[in-house]
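Q: What follows is a structure written as structure tokens; I'll ask about it next.
The values are calculated or read from the model by the stated rules, or taken from the named source; none is laboratory data. What you are looking at is a predicted structure, and each value in this text was computed from that prediction instead of being measured. Reconstructed Cβ throughout: ideal geometry from the backbone, glycine too, with neighbour counts over all protein chains shown.
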Amino acid sequence: MSVRVYVPQDAAALSLGAEAVARAVVATAEARHAPVTLVRNGSRGLIWLEPLVEVETPAGRIAYGPVSAEEVPALFTAGFLEGKAHPKRLGLTEEIPYLKKQERLTFARVGLIDPFSVPDYIAHGGFRGLERALTLAPAAIVQEVTEAGLRPSRRASSGRPCSIRRPTRNMSPATPMRVIRGRSPTACSWRATRSASSRA
Amino acid sequence: MMQALTPAQRDAVRRGLLRHKARPGPLLEVLHEVQAELGHIPPGAIPLIADELNLSRAEVHGVVTFYHYFRHSPPGRHVVRVCRAESCQAMGAEALASHAERRLGVRFDQTTPDGRFSLDPVYCLGNCACSPAVMIDGELFGRVTPERFDALIDERASET
């Protein structure tokens, strides 16, 4: 059975040699006839541990890091595909204290999946809101947003809830609409205009 | 007297204009395209761009000179950007910057006499957690020590 190995592809990890690590994982797996499925995930955000390599085991994802390309053969020898011991082994990723103490909302999926994979996104609950919205009438969608009480950042909205911000009102598909960033934080800082020809 | 554009340069500027002219606020897009194609913004391109976008030459000149990313002359074969912003400075980027000048034998904003390397300062590559950061030909490197810098330069200096 093929083992899933995660090597991040985000900019910070790449700047620390993640590309070479990924290449080394593939080359070593081939040389040792160890079936590996390489997944290029995003970073968990533990940048000081990048490149952070994870292996999927029955117990969960086990992290190793920071890993250099030169260390990859030794990791295979140590049995990292079964999550075995190695000086760079950090244990279950979810149990790393820095990560465990966090409650992630908007970033909940970061580092878990390949951000370019639509099937991965759907498997983690992606598009569910969109699917439901497509079954609702426009007014019902605005109502839903109002009831949810969502607030964007104060700066972007002057503290007003999403639902009363102008772009959500009276949306007509007939006219192209554009959202323009205004300058004054006290005045309405986002405006919807209905011009297609103005030059920014 | 401003140097006239070569036919190839004129074509590149025209292509950039054609692609982006209809968009709102096209100036930066056009400049990016011209620099991507030619490696720099030839001074002779400024009147052409101004005319096509209905801007004054002063406006275009102002934008080209405001963003230090835009070059006025062709770069070396490799463009080495060393970050000198706050986070990188806190992690020793000034020492790395001096090292880079010594290693390449040029000051910032100069190109080596053999045309191989241009050395540019940059103010934040967004890689602050891995300071100090360096970008070479668009590729990002983090936690760059003088030794790593030399290795990166050696790889590129030895190619023919």
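Condition check ((1) under 25 Å from A:Asn41 (Cα atoms); (2) among the acidic types (Asp, Glu); (3) at pLDDT 90 or above) across all residues:
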residue: A:Arg109; (1), (2), (3): yes, no, no
residue: A:Leu112; (1), (2), (3): yes, no, yes
residue: A:Ile122; (1), (2), (3): yes, no, yes
residue: A:Gly125; (1), (2), (3): yes, no, no
residue: A:Ala137; (1), (2), (3): no, no, yes
residue: A:Ile141; (1), (2), (3): no, no, no
residue: A:Glu144; (1), (2), (3): no, yes, no
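Q: Okay, next question. Does B:Val82 count as crowded, with 17+ Cβ neighbours inside 10 Å, in contact with a Lys or Arg (Cβ under 9 Å, 6 or more places away or on another chain) and either among the acidic types (Asp, Glu) or within 14 Å of chain A (Cβ to nearest Cβ) (or both)? Steps first, please.
A: Numbers: crowded, with 17+ Cβ neighbours inside 10 Å: yes; in contact with a Lys or Arg (Cβ under 9 Å, 6 or more places away or on another chain): no; either among the acidic types (Asp, Glu) or within 14 Å of chain A (Cβ to nearest Cβ) (or both): yes.
When the stated conditions are applied, B:Val82 does not pass them.
Q: Let me ask you something else. Restricting to the range A:41-54, name every residue that is out of contact with any Pro (no Cβ under 7 Å at 6 or more places or on another chain) and surrounded by fewer than 24 Cβ atoms within 10 Å (Cβ to Cβ).
A: Kept after step one, since they are out of contact with any Pro (no Cβ under 7 Å at 6 or more places or on another chain), are these residues of the range A:41-54: A:44-48, A:53-54.
The answer is A:Gly45, A:Leu46, A:Ile47, A:Trp48.
Q: Test each condition in (1) touching an Asp or Glu at 6+ places or on another chain (Cβ under 9 Å); (2) part of a helix (DSSP H, G or I); (3) aliphatic (A, V, I, L, M) for A:Val72 and report the one that comes out false.
A: Of (1) touching an Asp or Glu at 6+ places or on another chain (Cβ under 9 Å); (2) part of a helix (DSSP H, G or I); (3) aliphatic (A, V, I, L, M), only one is false for A:Val72: (1).
Q: Name the residues in the range A:10-36 that are among the small types (Gly, Ala, Ser) and either more than 14 Å from chain B (Cβ to nearest Cβ) or over 19 Å from A:Val110 (Cα atoms) (or both), would you? It would help to see each step written out before you state the result.
A: In the first step, residues of the range A:10-36 are kept if they are among the small types (Gly, Ala, Ser); the result is A:11-13, A:15, A:17-18, A:20, A:22, A:24, A:27, A:29, A:31, A:34.
Listed by number, the residues that qualify are A:Gly17, A:Ala20, A:Ala22, A:Ala24, A:Ala27, A:Ala29, A:Ala31, A:Ala34.
Q: Something else now. Among the candidates B:Arg103, B:Arg107, single out the residue that is touching a residue at least 12 places away in the same chain (Cβ under 8 Å), surrounded by 15 or more Cβ atoms within 10 Å (Cβ to Cβ) and away from chain A (no Cβ under 14 Å).
A: On the way: B:Arg107 fails: surrounded by 15 or more Cβ atoms within 10 Å (Cβ to Cβ).
Just a single option satisfies the conditions, and that option is B:Arg103.
Residue by residue, here is whether (1) in a helix (DSSP H, G or I); (2) of a type in the set (A, V, I, L, M) holds:
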{"position": "B:Gln9", "(1), (2)": "yes, no"}
{"position": "B:Leu17", "(1), (2)": "yes, yes"}
{"position": "B:Ala22", "(1), (2)": "no, yes"}
{"position": "B:Glu29", "(1), (2)": "yes, no"}
{"position": "B:His32", "(1), (2)": "yes, no"}
{"position": "B:Gln35", "(1), (2)": "yes, no"}
{"position": "B:Pro42", "(1), (2)": "no, no"}
{"position": "B:Ile49", "(1), (2)": "yes, yes"}
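Yes or no, residue by residue, for (1) in the same structural domain as B:Gly39 (by TED's automatic domain parsing); (2) modelled with pLDDT of 95 or more; (3) farther than 30 Å from B:Gln3 by Cβ; (4) not β-branched (Val, Ile, Thr):
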residue: B:Val60; (1), (2), (3), (4): yes, yes, no, no
residue: B:Cys83; (1), (2), (3), (4): no, yes, yes, yes
residue: B:Ala97; (1), (2), (3), (4): no, yes, yes, yes
residue: B:Leu104; (1), (2), (3), (4): no, yes, no, yes
residue: B:Asp109; (1), (2), (3), (4): no, no, no, yes
residue: B:Ser118; (1), (2), (3), (4): no, yes, no, yes
residue: B:Phe141; (1), (2), (3), (4): no, yes, yes, yes
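Q: Which of the helices (runs of 4 or more DSSP H) found entirely inside the range A:80-139 contain at least 3 residues meeting this: touching a Lys or Arg at 6+ places or on another chain (Cβ under 9 Å), surrounded by fewer than 11 Cβ atoms within 10 Å (Cβ to Cβ) and not polar (S, T, N, Q)? Don't jump to the end; show me each part of the working.
A: On the way: elements: A:97-100, A:118-123, A:128-133.
Output list is empty.
Q: Filter the range B:138-155 down to residues that are under 18 Å from the mean Cα position of the chain (by Cα) and either surrounded by 14 or more Cβ atoms within 10 Å (Cβ to Cβ) or more than 15 Å from A:Ala11 (Cα to Cα) (or both) and give me whichever is farthest from the other protein chains (Cβ to nearest Cβ).
A: Taking the range B:138-155 first, the residues under 18 Å from the mean Cα position of the chain (by Cα) are B:138-141, B:153.
Applying the additional criterion that residues be either surrounded by 14 or more Cβ atoms within 10 Å (Cβ to Cβ) or more than 15 Å from A:Ala11 (Cα to Cα) (or both) yields B:140-141, B:153.
Working: B:Leu140: 4, B:Phe141: 5, B:Ile153: 17 Å.
The qualifying residue farthest from the other protein chains (Cβ to nearest Cβ) is B:Ile153.
Q: Of all residues in the range B:30-55, how many are within 14 Å of chain A (Cβ to nearest Cβ) and either loosely packed, with under 14 Cβ neighbours inside 10 Å or touching a Gly at 6+ places or on another chain (Cβ under 8 Å) (or both)?
A: Summing the residues that are within 14 Å of chain A (Cβ to nearest Cβ) and either loosely packed, with under 14 Cβ neighbours inside 10 Å or touching a Gly at 6+ places or on another chain (Cβ under 8 Å) (or both) in the range B:30-55 gives 2.
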